[in-house]
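Structure provided below as structure tokens; questions to follow.
The values are calculated or read from the model by the stated rules, or taken from the named source; none is laboratory data. Please read these numbers as outputs of a predicted model, since none were measured by experiment. As a convention, Cβ positions derive from the backbone with ideal geometry for all residues, glycine included, and neighbour counts pool all protein chains shown.
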2 protein chains.
Amino acid sequence: MIIEIYFVDKFMYYQIDFIPKKEIFMPFVDLKDLKKRREIIAGAKARIIHMDGMTLSYWNFAEGTKLPEHSHPHEQMTKLIKGRFEMTVDGETKILEDSDIAVIPSNALHSGRAITDCELLDVFSPVREDYK
Amino acid sequence: MIIEIYFVDKFMYYQIDFIPKKEIFMPFVDLKDLKKRREIIAGAKARIIHMDGMTLSYWNFAEGTKLPEHSHPHEQMTKLIKGRFEMTVDGETKILEDSDIAVIPSNALHSGRAITDCELLDVFSPVREDYK
């Protein structure tokens, strides 16, 4: 497996697949250790972990931040972790509850709005090469 | 996209890829609506959503339940949602914190133990055909 932890603001990039597994494998990634967070849109910072077949993106949204409508070929699941977030997928809008999983197919249009400061976990498949 | 929501105790199975997308697409899945939960191991119930390239499994573990050591070719990420869970991956053991993401490569041995009642979100890639 390749674990890539990638911080855009410093252009630090660890691609560690060529190092023997026993030396580098970190099964537990503490998000707090990923201090340099990619700010993909103003007001929204992501901490990103790339695996072989999927990319995890842990988001901190500031209150009021809008996620503009967009789409991508990767399918995506989103789980709200903290706060309140309004999401629109394929024309349907919902304020995410703790028990909701948002399921976004390949190329489906989606957007969002942080009603409060909030934290969200996205998982994409396949890997988001555009986040590298 | 195929969304399959699969409840083993009733052998109910919805494979909805052949229905036109506009009629069936449910971008927001409320875990509370998935009342029939597959009990893959005693004391641990899963609610499962299959996408095209990944499978989500939302787990409720009862206090004291052990996840026996096992492995699978699918890579996996695990995020603790509620409670306390001790996880071992490739010989390394950690009580998961809110800020931890467990990253399990293909075929890595892993096991766990619910210290309290807890909830965990697993995402696997590729799809867990063995969960269908």
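A:Glu39 is checked against (1) touching a Lys or Arg at 6+ places or on another chain (Cβ under 9 Å); (2) surrounded by fewer than 15 Cβ atoms within 10 Å (Cβ to Cβ); (3) charged (D, E, K, R); (4) at pLDDT 90 or above and fails just one. What number does that condition carry?
Only one criterion in (1) touching a Lys or Arg at 6+ places or on another chain (Cβ under 9 Å); (2) surrounded by fewer than 15 Cβ atoms within 10 Å (Cβ to Cβ); (3) charged (D, E, K, R); (4) at pLDDT 90 or above is unmet by A:Glu39, namely (4).
I've got another one for you. Under 9 Å by Cβ, and 6 or more places apart or on different chains, what pairs join a residue from the stretch B:116-132 that is under 13 Å from B:Ser106 (Cα atoms) and more than 9 Å from chain A (Cβ to nearest Cβ) with one that is assigned to a strand (DSSP E or B) and of a type in the set (Gly, Ala, Ser)?
B:Arg128/B:Ser57
Then there's this: Here is a list of conditions, (1) under 12 Å from the mean Cα position of the chain (by Cα); (2) without any contact (Cβ under 8 Å) to a residue 40 or more places away in the chain, and A:Asp90 meets all of them except one; can you say which number that is?
Unmet condition: (1).
Exactly one of these conditions fails for B:Met87: (1) over 24 Å from A:Asp33 (Cβ atoms); (2) among the aliphatic types (A, V, I, L, M); (3) at the interface with another protein chain (Cβ under 10 Å from one of its Cβ atoms); (4) assigned to a strand (DSSP E or B). Give me its number.
Failed condition: (1).
Condition test on A:Phe85, is it buried (at least 17 other Cβ atoms within 10 Å of the Cβ), aromatic (Phe, Trp, Tyr) and free of Cβ contacts under 8 Å to residues at least 60 places away in the same chain? Walk me through how you get there before you give the answer.
Values: buried (at least 17 other Cβ atoms within 10 Å of the Cβ): yes; aromatic (Phe, Trp, Tyr): yes; free of Cβ contacts under 8 Å to residues at least 60 places away in the same chain: yes.
Yes, satisfied.
Checking B:Glu97 against (1) closer than 21 Å to A:Glu119 by Cβ; (2) part of a loop (DSSP other than H, G, I, E, B); (3) at pLDDT below 90, which test does it fail?
(3)
The rows are residues; the columns are (1) crowded, with 18+ Cβ neighbours inside 10 Å; (2) in a strand (DSSP E or B); (3) within 14 Å of the chain's Cα centre (by Cα).
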site	(1), (2), (3)
B:Gly53	yes, no, no
B:Ser57	yes, yes, yes
B:Gly64	no, no, no
B:Pro68	no, yes, no
B:Thr78	yes, yes, yes
B:Ala102	yes, yes, yes
B:Asn107	no, no, no
B:Leu120	yes, yes, yes
B:Val127	yes, no, yes
